[in-house]
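Below is one structure, written out as structure tokens; the observations come after it.
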Amino acid sequence: MTTSIHTNEEILASVLIQITLVILVARAAGAAAAALRQPRAVGEIIAGLMLGPSLFGYLFPDLSAFLFPSDASQTMWMLAQIGLILLMFQIGSDFDFQLLREKSNRRAVIGVTLASLCVPLLVGFTMGHIAGPTLAGDIEGLSFSLFTAVAMAITAVPILGRILAEYRLTRTRVGVIAISSAAGNDVVGWIILALIAAIVSSGFSLTGFSLQIAGLAGLMAGMFVVGQPLAGWLIRRFLPHDLSLSPGLIACVIALIFLAGVATQKLGIFTIFGGFLVGLLFHAHTAFVEAWRRTIGQFVLVFFLPIFFTLTGLRTNLLGLDTVSDWLWCGAFFAASVLSKIGPVYLAARLCGLGRDEAAALGVLMNTRALMELIVLNIGLSMGVIPQDVFTMLVIMAVGTTIMTGPLINRMKSIATDGPRHAA
């Protein structure tokens, strides 16, 4: 017993060291990114990559092994997953579906959403089919192609929202259409990803897959038939008049989030989808959403999210792409992802009556991937449907497409006339 307690204490000490290092490095990197007119999350993602085998692990292998020991990795992974579940709740609750009802923008939103989903899904699936035999020969071809398709199609709503705020585009036509289209893109994208996860986990059994889809449909129906009234009752019962979050309300919401995660996991779908579904139940309660974002949301961003970025960095080894062929494939994925987003979105926006500059800005904005892409890639890697080298290639694509957004928007003077301003 004494030995077990001593071992657990050592693991705890190791976890605390990791968390301290990760939080401080992430904050410093976020500040550096803001100084370079990039979203803070970009700096945090790059910090995670630097702490991994691509830089720190390569230069200081012994120190890296000491700071990131394997016996603490499972604990850090669990913390990251809890953070992602809470983050997906926040993302779901942040969706403003009222924007989709604006008559003047509805046509453009629908057109941009379809263009930003359908073409990248098709291009991603084709790329996966072509690259599969070379890059993922040991992985079932359909699973690899489907995950590659989703990775191409996803747009990062949280990062996009921050970019729009920094460039004062939130109340412009471009900003409203972009965030509305990205919201629609992500809702459909996460449902598609859930279906793909069900296909993969069912082993392509038609009976098993049908049961999973029926279970998911039943869960979603139950969430909105029972969950929405329950969410409203909780808000009326526990939200104080000063709009602060009471302990009772926090406890009930967290319990709902985690139980929904358990339910989706039992259906063979990743747990974070449960958090996303519960978030959708609360999106109409704006006072609660704002209070959650100021309190719990800030803790998630400062504490949990850097852990996820660091774990992604530890899984990513840029030095593992050590052949010309690897980098050519990486370039092909990057080019395909950019062209399949910007081009179709530009054309859809023009067909919906937007000017050239507005359409170009929309194409650039919808090309932002970052956080959401990394979540998809980590799911694919954990499920064994994306090999390590392809994971690294797509991480490069996710970071690169996000970094390019700010500078390109900043050059569009007729769109970003006020220049960027950076949030804390």
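The values are calculated or read from the model by the stated rules, or taken from the named source; none is laboratory data. What you are looking at is a predicted structure, and each value in this text was computed from that prediction instead of being measured. When we count neighbours, we look across all protein chains shown, and the Cβ atoms used for this are built from the backbone with ideal geometry, even at glycine.
Would you check if there is a residue in the range 32-53 being within 25 Å of Asp389 (Cβ to Cβ) and part of a loop (DSSP other than H, G, I, E, B)? Within the range 32-53, one or more residues are within 25 Å of Asp389 (Cβ to Cβ) and part of a loop (DSSP other than H, G, I, E, B). Condition test on Ser145, is it within 27 Å of Gly400 (Cβ to Cβ), free of Cβ contacts under 8 Å to residues at least 24 places away in the same chain and surrounded by fewer than 19 Cβ atoms within 10 Å (Cβ to Cβ)? Criteria not met by Ser145.
Every residue in the range 79-136 that is touching a Pro at 6+ places or on another chain (Cβ under 7 Å) and modelled with pLDDT under 85, please. The one that is touching a Pro at 6+ places or on another chain (Cβ under 7 Å) and modelled with pLDDT under 85: Ile91. Here the condition is being under 30 Å from Glu140 (Cβ atoms) and either over 13 Å from the mean Cα position of the chain (by Cα) or surrounded by fewer than 24 Cβ atoms within 10 Å (Cβ to Cβ) (or both); of Asp357, Asp389, it holds for Asp389 alone. Annotation note: of Leu216, Leu277, Leu267, Leu243, the sole residue that is out of contact with any Lys or Arg (no Cβ under 9 Å at 6 or more places or on another chain), at positive phi and touching a residue at least 24 places away in the same chain (Cβ under 8 Å) is Leu243. Quick check on my filter: what residues within the range 229-246 are assigned to a loop (DSSP other than H, G, I, E, B) and small (Gly, Ala, Ser)? If the condition is that a residue be assigned to a loop (DSSP other than H, G, I, E, B) and small (Gly, Ala, Ser), then Ser244, Ser246 are the ones that fit.
Of Leu371, Leu377, Leu362, all but one fail to be within 12 Å of Arg315 (Cα to Cα), buried (at least 24 other Cβ atoms within 10 Å of the Cβ) and of a type in the set (A, V, I, L, M); the exception is Leu377. Whenever a residue of the range 8-19 is farther than 16 Å from Phe303 by Cβ, its partners that are surrounded by 11 or more Cβ atoms within 10 Å (Cβ to Cβ), lying with C-beta atoms within less than 7 angstrom and at least six residues away or across chains, give the pairs Ile11/Asp71; Ile11/Ala72; Ile11/Thr75; Ser14/Pro69; Ser14/Ala72. Across the range 264-283, the number of residues qualifying as in a helix (DSSP H, G or I) and under 21 Å from the mean Cα position of the chain (by Cα) comes to 13. So is Ile250 in contact with a Phe, Trp or Tyr (Cβ under 7 Å, 6 or more places away or on another chain), surrounded by fewer than 20 Cβ atoms within 10 Å (Cβ to Cβ) and either modelled with pLDDT of 90 or more or of a type in the set (Val, Ile, Thr) (or both) or not? Taking the combined requirement at face value, the residue does not satisfy it. Looking for something assigned to a helix (DSSP H, G or I) and within 21 Å of Ile192 (Cβ to Cβ) - is there at least one such residue anywhere in the range 247-260? There is at least one residue in the range 247-260 that is assigned to a helix (DSSP H, G or I) and within 21 Å of Ile192 (Cβ to Cβ). Could you please find all residues in the range 34-68 being surrounded by 12 or more Cβ atoms within 10 Å (Cβ to Cβ), at pLDDT 85 or above and farther than 17 Å from Met397 by Cα? Listed by number, the residues that qualify are Leu51, Gly52, Pro53, Leu55, Phe56, Gly57, Tyr58, Phe60, Ser64, Leu67, Phe68.
Being among the aliphatic types (A, V, I, L, M), in contact with a Lys or Arg (Cβ under 6 Å, 6 or more places away or on another chain) and either outside any helix (DSSP H, G or I) or at pLDDT below 85 (or both) is a description that does not apply to Ala72. From the list Leu277, Leu249, Leu301, the lone residue that is farther than 25 Å from Ala41 by Cα and not charged (D, E, K, R) is Leu249.
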